[in-house]
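Novice: First the structure, then my questions, so here it is.
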Amino acid sequence: MVQVKLAGTAAPAPFDERVCSRCMGHRALCGIRPCPLVMRALSLSNIESAVRGMSLEGSSPPSVFVGSFGYPKVLAGPLIPPVRGESAALMEQPNRWLDRTIDEILALRFSLVRTKRLLPVDSASDPPRLLAETQTMALSEAPTDSEAELLKRPTFNTILTRQMLPIGPSAPLKSFSLEENPRVPKPVERTTSDTDLKATQGIVELFESGVRQEHVTRLFSVGLLGIGKRRKLVPTEWSITAVDDIISKELHRRVLDMREINEYRVFSDRALGNTVTVLLLPSPWQFEVLECWLSGPRPRVISDHEYARGRKDYASHVVGAYYAVRLPVLEYLTEARRQAGAVVFLEIDPREWVPLGVWRFREIARRALSRGPQKFPDLAEALYAVGSTLKNTINRYMQACVTLDHHLSQTRLTDFF
């Protein structure tokens, strides 16, 4: 049975990265169980009254979850809300969520029942019937009416991570079938049916054809991209960062041949307790992300960076958010047909924090870059503008920054303060 606590539970204060970013809503590291941040939105999802018996009917957004635990055998299955129609589409369109409250977003996502069946990852190339139906649903660009038979009633085991969108209660899956034909865009049909096309090439082609990034990630995750027998299920958490990285690398290759900008540009936006500020430099490509949790009197800043040749290893400090914000920066430069260095400042307010996934950094950065920049002739003025968007002092960010030293060569950063 889905356990629901009444809304309005007071959240502990203050939250900080030592608790929330490790707890993810289910380890009770703050000493309060169940997590009040999760429970206040769970009560809005109304799953208990919406799911009756062992049958589940609804229009999948369409969305699929592939777990990573137990790899190379993983739990996978469609995410199904107990609602029908186009309203289900909103549950997988994060670009429309920035002006919604955290409660509204969690309520949307907690309305999705995660159905699951244990599957070998290499079954994607020759799928059993249940996986074949799931793959067919994943092809669709719009919600698809479906029906699932469950082995047990849904139970709420919180799935919150830094990478993925939140997911609601889960249930083992007995059978799954589509009640209508999916609406498959022509680029999706063409790319997924080409069994001689590498997955990286397919991802880039779909992105350039205007297929939404969430759709591309879903196709990759359920094993519909790649060369024939080498197709595999890819855990959702891994596929999100992989798609960000694959598209970024292609755009990065193109940007290196473009002319550099000739001034400093600053972009900034804020939503859902997160501030994203982008500083573009008149330089060859270099990229750094500085992330700060606003906890304690001297909040710590962590960073990852790369230079013109890009990264070979994983961004182990900022992790998935690094790749999530690198992509919109490269999108902006590609569209502007310019090259630049970039420093991205991420500031998280723990009082408003709950793990919603890295999509929010990506979408906030995209919105900031779409609104046009402030332009400055020198770095001192640009850094002053950056500092005005942040709560932590710009000096603390500069102490952690690596690429600006490289940009200024022998000039001391302290000369600018």
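The values are calculated or read from the model by the stated rules, or taken from the named source; none is laboratory data. Bear in mind that the values here come from a model prediction, so they are computed numbers and not experimental data. Using ideal geometry, Cβ is built from the backbone for each residue, glycine included, and neighbour counts are taken over all protein chains shown.
Novice: Checking the structure you have, find out if any residue of the stretch 281-297 is within 30 Å of residue 350 (Cα to Cα) and without any contact (Cβ under 8 Å) to a residue 12 or more places away in the chain.
Specialist: Yes, the conditions are met somewhere in the stretch 281-297.
Novice: Can you confirm whether residue 128 is touching a residue at least 24 places away in the same chain (Cβ under 8 Å) and not polar (S, T, N, Q)?
Specialist: Spelling it out, it is not the case that residue 128 is touching a residue at least 24 places away in the same chain (Cβ under 8 Å) and not polar (S, T, N, Q).
Novice: Give me a count of the residues in the stretch 220-255 that are in a helix (DSSP H, G or I) and closer than 22 Å to residue 358 by Cβ.
Specialist: Selection size over the stretch 220-255: 20.
Novice: Is it the case that residue 376 is touching a Phe, Trp or Tyr at 6+ places or on another chain (Cβ under 6 Å), in the same structural domain as residue 272 (by TED's automatic domain parsing) and either buried (at least 18 other Cβ atoms within 10 Å of the Cβ) or hydrophobic (A, V, I, L, M, F, W, C) (or both)?
Specialist: yes
Novice: Scan the stretch 256-282 residue by residue and report those that are crowded, with 19+ Cβ neighbours inside 10 Å and more than 25 Å from the chain's Cα centre (by Cα).
Specialist: Correct list: 261, 264, 265, 281.
Novice: Here's something else I'd like to know. Please find, within the stretch 383-398, the residue that is surrounded by the fewest Cβ atoms within 10 Å (Cβ to Cβ) out of those that are touching a residue at least 24 places away in the same chain (Cβ under 8 Å) and in contact with a Leu (Cβ under 6 Å, 6 or more places away or on another chain). Give the derivation first.
Specialist: Restricting attention to the stretch 383-398, the residues satisfying the condition of being touching a residue at least 24 places away in the same chain (Cβ under 8 Å) are 383, 385-386, 389-392, 396-397.
Those still in the list that are in contact with a Leu (Cβ under 6 Å, 6 or more places away or on another chain) too: 386, 391, 397.
Values: 386: 24, 391: 11, 397: 23.
Filtering the stretch 383-398 for residues that are touching a residue at least 24 places away in the same chain (Cβ under 8 Å) and in contact with a Leu (Cβ under 6 Å, 6 or more places away or on another chain), the one surrounded by the fewest Cβ atoms within 10 Å (Cβ to Cβ) comes out as 391.
Novice: Please find, among 190, 230, 218, the residue that is at pLDDT 90 or above, touching a strand residue (DSSP E or B) at 6+ places or on another chain (Cβ under 9 Å) and at negative phi.
Specialist: Values: 190 fails: touching a strand residue (DSSP E or B) at 6+ places or on another chain (Cβ under 9 Å); 230 fails: touching a strand residue (DSSP E or B) at 6+ places or on another chain (Cβ under 9 Å).
Unique residue meeting the criteria: 218.
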